[in-house]
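Participant: One structure, pasted below without further comment.
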Amino acid sequence: MLLVLAGCGPVEEQRDGALADRAAMPDAPAVETGGDRDAEVPFDGTVIASDSSTPPEDAAISPMDVIAQDRVVPPRDATAEAGAVDAGPAGRIPTTTPPPGIPAMRTQAEVCGVWNTSYNAARMAGTFTAGSPACAPGRLPQNAVDAAVLMSNVHRWLAGLTNVSENPEFSRSAQACAELQEANNMLSHTPPMSWTCYTALGAQGAGRSNITSGGSTPIAAIAGWIDDTRDISMTLGHRRWILFPPLGPIGYGQARRYACQYVLGPRATGSKTFVAWPNEGFTPTESMTPLWSFSSSTLGLTASTRVTVTRNGMPVAATAQLRAAGYGEPTISWNMPATAITAGSVISVTVTGLAGGMSTTYEVRPVRCGG
């Protein structure tokens with residue numbers, strides 16, 4: 001299991017009929033806030049200064065998090081092209097999975113087949129090449145972008161959601177974002193113009209993307225955002241955006257261990273009664289996380305919603321927490337002990353306190369797939 005320090009994802013709200021991002025600014029200096037105040041103008045709120053210019057090796061934050069630096073540096077030449085994604089010599093990687101169907105109805109062989117095929121394909125992604133001289137745009141092979149889209153889609157497939165596609169313009173912005181973060185060895189959703197190698201395109205990408213400094217590969221970046229264990233802002237925002245049923249086209253950029261995933265674009269029309277993570281039915285232990293979640297826009301999740309969990313018929317202590325609104329769908333989450341997440345077990349989850357006094361129960365069946 002790949003773990004990456006996570007913060008929160010971009011927040012959406014309606015303001016005068018327009019889609020907007022709303023910043024949430026935690027007290028801790030090394031966390032993310034970010035996003036735009038409206039659909040076009042970047043958020044211009046107070047920047048929180050970090051005591052250190054270097055984030056942890058496995059740090060990750062989403063477009064709503066801010067880590068700022070307190071030194072003034074020259075901006076990148078405004079005429080330089082930023083965020084280049086290069087098709088390169090390496091072959092393309094398929095980005096799609098089969099139709100999701102009903103997760104609870106899948107066989108173990110089907111689940112492991114889709115997971116292993118996707119994981120092994122994503123391992124073929126090429127790597128970033130830095131530009132020269134300093135601040136010159138680097139190059140990311142197109143198959144690295146493909147791998148990120150594929151790994152997003154295989155996690156969505158597990159959760160019973162439809163595929164998303166890449167928008168090349170979003171990837172240009174995400175790539176500029178990643179190179180900007182890497183040039184400053186910091187994470188911010190609202191990078192100031194004083195940052196080294198600053199570009200407007202990179203700043204735009206930072207405000208609309210999940211970002212991480214633990215994304216040495218597309219596989220690692222997506223796994224860290226899905227995991228979201230170190231959720232400083234208590235939003236579970238990265239996961240909620242990747243597993244948002246109507247998520248539209250995305251973009252991806254990477255510069256060494258820094259990665260950006262553009263998620264605040266136009267929405268699609270996907271829907272699902274609820275999204276469970278880990279998913280109901282068979283699920284690879286390789287994709288499972290200790291922080292479980294249940295999201296729904298229709299079932300009426302509140303602070304009074306509760307979960308009851310059993311493993312092979314024996315009770316497992318679990319306390320549900322309602323996550324902050326504005327990140328994908330309304331969500332509750334709870335921690336599962338590592339000893340309960342074992343291949344071959346049957347984990348039953350009952351969610352109570354839903355609208356109209358309703359409840360729902362589903363089963364999670366971990367299997368080791370090898371990917």
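The values are calculated or read from the model by the stated rules, or taken from the named source; none is laboratory data. Bear in mind the structure is a predicted one, so any value in this text is a computation, not a measurement. Cβ placement follows ideal geometry from the backbone for every residue including glycine, while neighbour counts extend to all protein chains displayed. Please note that ligands, DNA and RNA were not included when accessible areas were found on the heavy atoms of the full protein model with its side chains. Shrake-Rupley method; radii C 1.70, N 1.55, O 1.52, S 1.80 Å.
Participant: For V316, list long-range residues whose amide hydrogen, built 1.01 Å from N in the peptide plane, is under 5 Å from its own amide hydrogen.
Facilitator: Long-range HN contacts for V316: V309, T310, R311.
Participant: Taking the solvent-accessible surface of protein heavy atoms with a 1.4 Å probe, what is the per residue accessible area of the stretch 278-371 in Å²?
Facilitator: Counting only protein heavy atoms, the per-residue value for the stretch 278-371 is 41 Å².
Participant: If I compute solvent accessible area with a 1.4 Å probe over the protein chains, what percent of it on the stretch 208-280 is carbon and sulfur?
Facilitator: Answer for the stretch 208-280 is 59 percent, counting heavy atoms of protein chains only.
Participant: While we're looking at this one, here's another question. For the peptides 103-115, 246-258, 179-191, 154-166, what is the packing order when you average, over each peptide's residues, the other Cβ atoms within 10 Å and list the highest mean first?
Facilitator: Peptide ranking by packing, descending: 179-191, 246-258, 154-166, 103-115.
Participant: Take S348, project a point 7 Å from its Cα along the Cβ direction, then tell me which residues of the stretch 267-283 have their backbone nitrogen under 20 Å from it.
Facilitator: 276-283
Participant: If I stretch the segment between L322 and M193 completely, what's the gain in nm (0.36 nm per residue apart, minus their alpha carbon distance), one decimal?
Facilitator: 42.8 nm
Participant: Let me ask you something else. Taking R0 as 56 Å, what's the FRET efficiency between T302 and S132 from their Cβ-Cβ distance, rounded to 0.05?
Facilitator: It comes out at approximately 0.55.
Participant: With just the Cα atoms defining each centre, how far is the stretch 206-263 from the stretch 104-176? Give it in Å.
Facilitator: Spelled out, the Cα-based centre of one part sits 11 Å from the other.
Participant: While we're on this one: Apply the Karplus parameterisation 6.51 cos²θ - 1.76 cosθ + 1.60, with θ equal to phi minus 60°, to every residue of the stretch 334-343 and state each ³J(HN,Hα) to the nearest whole Hz, in sequence, with x for glycine and proline.
Facilitator: After applying 6.51 cos²θ - 1.76 cosθ + 1.60, I find 7, 8, 10, x, 4, 5, 8, 9, 10, 4 Hz.
Participant: Ok, one more. Quick one: net charge of R123's neighbours, Cβ under 14 Å, K/R +1, D/E -1?
Facilitator: -2
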